[in-house]
Structures are given as C-alpha cells and as structure tokens.
Amino acid sequence: VDAARIEANQRRCDFGNPRAHAKRVRGDVGRAEGRAFAPAFEAAHDHFRVACEGGEPKGCRYLGVLEHEGSLGSPDEAAAFGWFDKACAQGDSESCYNAGVLVATGALGEADLPAASQFMTRGCELGDPEACSAREQIDAELAAQTSKVPGANLSIGTATVNGLTVNELECRVEGGGL
C-alpha cells in the first residue's frame with residue numbers, strides 16, 4: 001500500500017470524510033492481517049464506525065466482517081448481521097449477500113429461508129452475482145419444502161386444458177422418453 005495514499009486518506013479521515021475512514025483502515029488492517037494485531041483492529045473498528053455513521057456502506061460492511069471474524073474477541077454473528085443489514089439498506093450488494101448467508105445458515109438461530117431470499121434478491125438487484133446464484137438455490141429449497149409431493153419434479157400453479165382447470169398440480173415424473 002502506498003504510504004502517500006495512506007497519509008492522504010488519514011488527512012481526509014481527520015476532516016471527517018467517511019469514505020477516507022474506510023480506505024485508510026482497509027490499508028492498515030491489510031498490513032496487520034495474519035498477525036495478532038489488536039490495536040489495528042480496534043482502530044479499524046473506530047474508523048469504520050465513523051464511516052458507517054457518515055453514510056458510507058462499506059464502513060458498515062467492514063464492521064460486519066470484523067464482528068463475524070471475531071477480530072476484536074469472539075465472533076458476534078448478531079452484531080455482524082446488524083452491520084450487514086444496515087449496509088444492505090444503504091445499497092451495498094455484498095452486505096446483502098452476507099446478511100442472507102447468516103440468515104440462511106441459521107447463524108442467528110433458526111434458518112429463515114424466506115428472509116434469506118429477500119436479502120439475496122436485494123443483493124442480486126444491486127448487481128452481486130453470488131447473491132443471484134444463492135437466491136436461486138434458496139428459492140429452489142423453499143419450493144421443495146412447500147411441496148406436498150415428496151420428490152416432486154414438476155409443479156404447475158394453474159393449468160386449463162379443454163375447459164378443465166387444475167390448481168396446484170405437483171407430480172414426480174420418472175423415466176420416460178418419447
């Protein structure tokens with residue numbers, strides 16, 4: 001990391017620029033990773049909080065990562081989720097994905113796939129391809145859970161053929177070929 005850039009970000013940070021807080025600390029923490037360097041993580045936490053409270057969603061995301069990884073002690077998934085949720089609401093697609101993963105995996109208690117799907121949908125709409133992929137997987141799992149036919153691989157909401165209407169048709173098609 002370029003020392004002049006770090007110093008410039010420090011000056012902007014000192015003048016209250018939230019984006020500079022996030023950039024400066026990312027550089028400091030990047031140099032400290034892999035070593036027990038609690039002061040850097042504590043400083044990072046403080047700067048990311050200023051950035052987040054100043055409306056910089058990446059600051060919120062980085063707070064979530066610090067909490068999730070336990071950089072200041074034990075991992076705190078509830079705190080991580082709170083920061084990811086806030087950053088997601090501010091338009092950070094990666095935070096939407098991170099919040100969705102915590103909710104889908106049950107890291108906060110019981111897994112909540114409908115809520116996870118909402119986070120992934122938001123992340124996907126904001127352009128995160130991982131969120132799009134995860135949403136497809138979660139939605140497929142939700143569909144399988146709500147199926148009334150075990151192993152159903154064909155589901156039709158409503159179909160009308162020759163005047164006969166069928167609602168919520170599910171079946172399992174095996175073998176076949178024409």
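Heavy-atom accessible area, probed at 1.4 angstrom with all protein chains present, ranks Arg135, Arg49, Arg61 as Arg49, Arg135, Arg61, highest first. Counting only protein heavy atoms and using a 1.4 Å probe, the accessible area of Val161 comes to about 100 Å². Maximal additional length on extending the Gln90-Glu110 stretch stands at 4.6 nm, based on 0.36 nm per residue less the C-alpha distance. With a 1.4 Å probe rolled over the protein heavy atoms of all chains, the accessible area of Asp85, Asp46, Asp128 falls in the order Asp46, Asp85, Asp128, largest first. The Cα trace of the range 42-87 gives Rg and Dmax of 9.3, 27 Å, the first to one decimal, the second as a whole number.
The values are calculated or read from the model by the stated rules, or taken from the named source; none is laboratory data. Keep in mind it's a predicted model, so treat the numbers as computed, not measured. In case anyone asks, the SASA skips ligands and DNA or RNA and just uses the protein heavy atoms, side chains included. Shrake-Rupley method; radii C 1.70, N 1.55, O 1.52, S 1.80 Å.
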